[in-house]
Amino acid sequence: MAYDTPTVQLLRAILDDVLSSPAFTRQQHHSAVEVAERILWLASQGEREPSAIKEHLLNEFLGYAAA
């Protein structure tokens, strides 16, 4: 699937945010590539809301529950 430049920039910003988060840096089960693949999968499903993508990644994919 091809994305326009603003969408690629948005997805890259989300990836950067998640990869720099404590939830990602503390975990040892998922690689940066897996996180990027999940972001692309969510985008392919039509998700474009940064907060929804981050929430999915942190809660469901990385197993982080905010206190």
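Read-outs: derived from the displayed coordinates by stated rules, not from any lab. Note that the structure is predicted; figures quoted are calculated from it, not measured. Ideal geometry is used to build each Cβ from the backbone, glycine not excepted, and the neighbour counts take in all protein chains shown.
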Hits in the range 1-55 (condition: assigned to a helix (DSSP H, G or I) and aromatic (Phe, Trp, Tyr)): Phe24, Trp41
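For the range 39-55, which positions are under 13 Å from Ala13 (Cα atoms), out of contact with any helix residue (DSSP H, G or I) (no Cβ under 8 Å at 6 or more places or on another chain) and of a type in the set (D, E, K, R)?
Restricting attention to the range 39-55, the residues satisfying the condition of being under 13 Å from Ala13 (Cα atoms) are 39-40, 48-51, 53-54.
Filter once more, so that each one left must be out of contact with any helix residue (DSSP H, G or I) (no Cβ under 8 Å at 6 or more places or on another chain): 49, 51.
Residue satisfying the conditions is Glu49 alone.
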Taking the range 35-47 and keeping residues surrounded by fewer than 13 Cβ atoms within 10 Å (Cβ to Cβ) and touching a residue at least 12 places away in the same chain (Cβ under 8 Å) leaves Ser44
Scan the range 1-19 residue by residue and report those that are without any contact (Cβ under 8 Å) to a residue 40 or more places away in the chain and surrounded by fewer than 10 Cβ atoms within 10 Å (Cβ to Cβ). Ala2, Asp4, Thr5, Pro6
